[in-house]
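Engineer: I'd like to ask you about the structure that follows.
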Amino acid sequence: MLYFSKSKYCGLWQCPKIAWLQKYKPEEMCIEGDLASRLAAGNEVGDLAMGIFSDYVEVTAYKGEKLDLPKMIDNTRIEMSKGTPVICEASFVYDGLYCAVDILRRENGGWAIYEVKSSTHDDKDVYYADVAYQKYVLEHCGVNVTGTYLICLNGQYVFNGELKLDELFRITDVSESIKCESDQIEVLIESAEVMLESDREPELDLSARCRSPYWCGFRGYCFRHLPKPSVFDLYRLKFDKKLAFYKQGLASFEALEHSVFIKNEKQRRQIDFALHERGTYIDRQSIRKFLNKLSYPLYFLDFETVQPVIPKYIGTKPYAQIPFQYSLHYIERDGGELLHKEFLAEPGTDPRRTIAERLCEDIPMNVCITAYNKDFECTRIKELAETFPDLSEHLLNIRDHIVDLIEPFRSGWYYNRAMGGSFSIKSVLPAIFSDDPSLDYHNLEGIHNGGEAMNAFPAMEKMTAEEREATRRNLLKYCELDTYAMVKVWEELRRVTE
Ligand code: SF4
């Protein structure tokens, strides 16, 4: 029998091949770090939203580590017959179609479905498909569905010290929006039945639905036939345009090399350098002009941030970026020693005031600071300045003196093949210093990227003293490498212009 859950149905709705791959090639699924932390965020939001209508009964049951679906269905039936007003994870099955309703609420002589999403957007078609599927299952189980709602996070909610669930969450009636989705359910499930019976992989080429790496874990598998590099690696080209080239048979750089449609100079260089031995392209004059904007004492700054889905610091909104760490290398004078300062907040505390004060202590006013892709650092500093008006003059002075070290790379003044059309520090660094193990993020312990740092800091709150100390060391090493990398990149720019 065909078995579906609401997430499997949503997978099917987004791309039939996802459902087939989930059944026949689950080992090809690649959950990237971001996806895993989004799933964790979804659980946190779901747990909190259960309390939105005050008293509730949750019917979740486990058999070992797995959900005990028959028990959950039984529990639901019992709670409904008792007249329980709010049932969380209310579970139903109809002809192999299973669903657990996040919140089922007795309303208007029937039952209303409330689907919880950790997003701040309530207008995504896939959400409507999700709710429509649940309504379909419940109605076929004989439930009188009297309402269908989405509960999303209110992106404008500002935490004032006491979490107010009725303000944090926004409830949207989606009864109208799900109507057209409802008509498709049977057709979709019938076609899935035929497709999933066969072990022959559906012939489904890449399309617009493959755009996002965030929700499909099978991109690596479906893109595997492409040459490396391919049109999908091309610098700054919209996915739809990449797809259009691909559909015209222009997937490889060889095919693209003479295309009159590739007009962007940086894209042309990316293709040319990938296909031919060109060494390093250097526009000395432009790099010199850039370097002349820098002056001593010269600072190199990088932040690490956390992004709590549920705001936990006063004055912040859901998903606000909160800096908790920085690394700062600096050189006082030309030929001077490379010095280093750093800050890492205590886990479990609001890091903002301390980090703002330390920044003002560590960076004098009116000095030259570099950041790599500076918008991020500038925005965080501006937010700190707004939060702490007494430090605002100094903080804004720091912000106004930041020069973006990515500029020579993003502007195409320095390029080599190994950059592969990406100008992030994580691409530029190994492309310039391929043989230096001290500059290789892979050689770090525990923390190798910003996502891991973001997860590690809140996790420290629940660690033993020993684990916490090890994580602290790893975080410091990681952030230090970020600014040391910037110093090395700056030295390289100086070297090539000497
Ligand atoms: S990569 Fe595209 S075709 Fe492959 S499963 Fe995902 S959405 Fe479907």
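Engineer: Helix 69-82: angle to the longest alpha-carbon principal axis of the chain, degrees 0 to 90, nearest 10?
Structural biologist: Result, in degrees: 60.
Engineer: Here's something else I'd like to know. Could you go through the range 403-411 in sequence order and give the Karplus-derived ³J(HN,Hα) for each residue, using 6.51 cos²θ - 1.76 cosθ + 1.60 with θ = phi - 60°, rounded to whole Hz, and x for Gly and Pro?
Structural biologist: With the stated coefficients, the range 403-411 comes to 10, 8, 6, 6, 3, x, 7, 5, 7 Hz.
Engineer: Starting from the 7 Å offset along Cα-to-Cβ, what nm value, one decimal, do you get for the label separation of residue 386 and residue 464?
Structural biologist: It works out to 4.3 nm between the two label points.
Engineer: Which angle from 0 to 90°, rounded to the nearest 10, does the C-alpha axis of helix 352-362 make with the longest principal axis of the chain?
Structural biologist: In the chain, helix 352-362 runs at an angle near 10 degrees to the longest axis.
Engineer: Further question on the same structure: Treating cross-link reach as a plain straight distance, find the lysines whose alpha-carbon is under 18 Å from the alpha-carbon of residue 238, omitting any fewer than eight places away in the same chain.
Structural biologist: 247, 263, 266
Engineer: Going Cα to Cα from residue 462, which lysines come in below 29 Å? Please leave out same-chain ones fewer than 8 positions away.
Structural biologist: 63, 66, 117, 164, 312, 317, 341, 477
Engineer: Taking the range 399-484 on its own, what percent of its Cα-Cα pair distances exceed 14 Å? Provide the component values of the computation, followed by the final result.
Structural biologist: Values: 2531 of 3655 pairs.
Roughly 69 percent, rounded to a whole number.
Engineer: What is the gain in length, in nm to one decimal, between residue 23 and residue 294 on full extension, counting 0.36 nm per residue of separation less the C-alpha to C-alpha distance? Intermediate results must be reported in sequence, preceding the final value.
Structural biologist: Details: separation 271, 0.36 × 271 = 97.56 nm, distance 5.66 nm.
Once the chain is fully extended between residue 23 and residue 294, it gains 91.9 nm.
Engineer: Now for a different question. Just tell me which aspartates and glutamates come within less than 19 Å, Cα to Cα, of residue 25; anything on the same chain fewer than 8 places away is out.
Structural biologist: 193, 197, 199, 201, 203, 205
Engineer: Which far-off residues, 5 or more places away or on another chain, put their amide H under 5 Å from the one on residue 324, with H placed in the peptide plane?
Structural biologist: Counting only residues 5 or more places away or on other chains, the set is 304, 305, 306.
Engineer: While we're here: Roughly what angle does helix 265-275 make with the longest principal axis of the chain, taking Cα atoms, 0 to 90 degrees, to the nearest 10?
Structural biologist: Value to nearest ten degrees: 90.
Engineer: Set the Förster radius R0 to 30 Å, insert the Cβ-Cβ distance between residue 275 and residue 190 as r into 1/(1 + (r/R0)^6), and round the FRET efficiency to 0.05.
Structural biologist: Numbers: r = 48 Å, r/R0 = 1.59.
Efficiency, rounded to the nearest 0.05: 0.05.
Engineer: I would also like to ask the following. Once you place label points 7 Å from the Cα toward the Cβ at residue 241 and residue 43, how far apart are they in nm?
Structural biologist: A separation of 4.1 nm, rounded to one decimal place.
Engineer: Can you compute 3J(HN,Hα) from phi for each residue in the range 469-477, using the Karplus curve 6.51 cos²θ - 1.76 cosθ + 1.60 with θ = phi - 60°, rounded to whole Hz and x for Gly and Pro?
Structural biologist: Those phi angles translate into 5, 5, 5, 4, 4, 5, 5, 5, 4 Hz.
Engineer: Restrict the search to the range 135-192; then list the GluC sites (Glu not before Pro) that DSSP places in a loop and that have at most 13 other Cβ atoms within 10 Å of their Cβ.
Structural biologist: Numbers: sites: 139, 162, 167, 176, 181, 186, 190; in loops: 162, 176.
Answer in residue order: 162, 176.
Engineer: For a footprinting-style exposure proxy, rank 118, 81, 175 by other Cβ within 10 Å, fewest first.
Structural biologist: Details: 118 21, 81 8, 175 14.
Least to most surrounded, the residues fall as 81, 175, 118.
Engineer: Answer with one residue from 365, 149, 92: the one whose Cα lies farthest towards the positive end of the charge dipole of the chain, charges on Cβ with Lys, Arg +1 and Asp, Glu -1.
Structural biologist: Looking along the dipole axis, the top candidate is 365.
Engineer: Enumerate the amide H contacts of residue 58 below 5 Å, restricted to partners 5 or more residues apart or on another chain; note that Pro and chain-start residues carry no placed amide H.
Structural biologist: For residue 58, the qualifying residues are 88.
Engineer: Then there is this: Calculate the length of the line joining the C-alpha centroid of the range 399-441 to that of the range 170-192, in whole Å.
Structural biologist: Cα centres, the range 399-441 to the range 170-192: 47 Å.
Engineer: Separate question: With +1 assigned to the C-beta of every Lys and Arg and -1 to the C-beta of every Asp and Glu, and no other charges, what is the dipole magnitude of the range 279-498 about the Cα centre in debye, to the nearest 20?
Structural biologist: Values: 26 positive and 35 negative charges, 121 e Å.
Computed charge dipole of the range 279-498: roughly 580 debye.
Engineer: With each pseudo-label sitting 7 Å past Cα toward Cβ, what's the residue 257-residue 197 distance in nm, one decimal?
Structural biologist: Computed distance between label sites residue 257 and residue 197 equals 5.0 nm.
Engineer: Which loop chymotrypsin sites (Phe, Trp or Tyr not before Pro) in the range 373-439, with loop taken from DSSP, have no more than 16 other Cβ atoms within 10 angstrom of their Cβ? Before the final figure, lay out the partial values.
Structural biologist: Values: sites: 376, 409, 413, 414, 415, 423, 433; in loops: 413, 423, 433.
In loop regions of the range 373-439 (DSSP not H, G, I, E or B), the sparsely surrounded chymotrypsin sites (Phe, Trp or Tyr not before Pro) are 433.
Engineer: Looking at the range 1-94, which GluC sites (Glu not before Pro) are DSSP coil and have at most 12 other C-beta atoms within 10 Å of their C-beta?
Structural biologist: On the way: sites: 27, 28, 32, 44, 58, 65, 79, 89; in loops: 32, 65.
Passing sites in the range 1-94 are 65.
Engineer: Can you bin the chain into rounded, prolate or oblate? Criterion: square roots of the alpha carbon gyration tensor eigenvalues sorted a ≥ b ≥ c, rounded for a/c under 1.5, prolate for a/b above b/c, oblate for the rest. Mind showing how you got there, number by number?
Structural biologist: Values: a/c = 2.49, a/b = 1.46, b/c = 1.70.
Note, shape of the chain comes out oblate.
Engineer: Place a +1 charge on the Cβ of each Lys and Arg in the chain and a -1 charge on the Cβ of each Asp and Glu, then give the dipole magnitude about the Cα centre in debye, rounded to the nearest 20.
Structural biologist: Details: 61 positive and 79 negative charges, 263 e Å.
Value, rounded to 20: 1260 debye.
Engineer: Next question, about the same structure. Along the range 10-23, what does the Karplus equation 6.51 cos²θ - 1.76 cosθ + 1.60 (θ = phi - 60°) give for ³J(HN,Hα), rounded to whole Hz, x for Gly and Pro?
Structural biologist: Karplus-based 3J(HN,Hα) across the range 10-23 equals 5, x, 4, 4, 6, 6, x, 5, 4, 4, 5, 5, 4, 7 Hz.
Engineer: Can I ask one more? Sort out for me the Cα centre separation of the range 56-88 from the range 454-486, rounded to whole Å.
Structural biologist: Here the answer is 40 Å between Cα centres.
Engineer: Sticking with this one: Taking 2.2 N^0.38 Å as the expected size of a compact globular protein, what ratio does the Cα radius of gyration of the range 178-291 give against it, to two decimals?
Structural biologist: Working: Rg = 20.3 Å, N = 114, 2.2 N^0.38 = 13.3 Å.
Output field value: 1.52.
Only the coordinates and a few stated rules stand behind these numbers; no lab work does. Please read all numbers here as calculations on a predicted model, not as lab measurements. All Cβ positions, glycine included, derive from the backbone under ideal geometry; neighbour counts span all protein chains shown.
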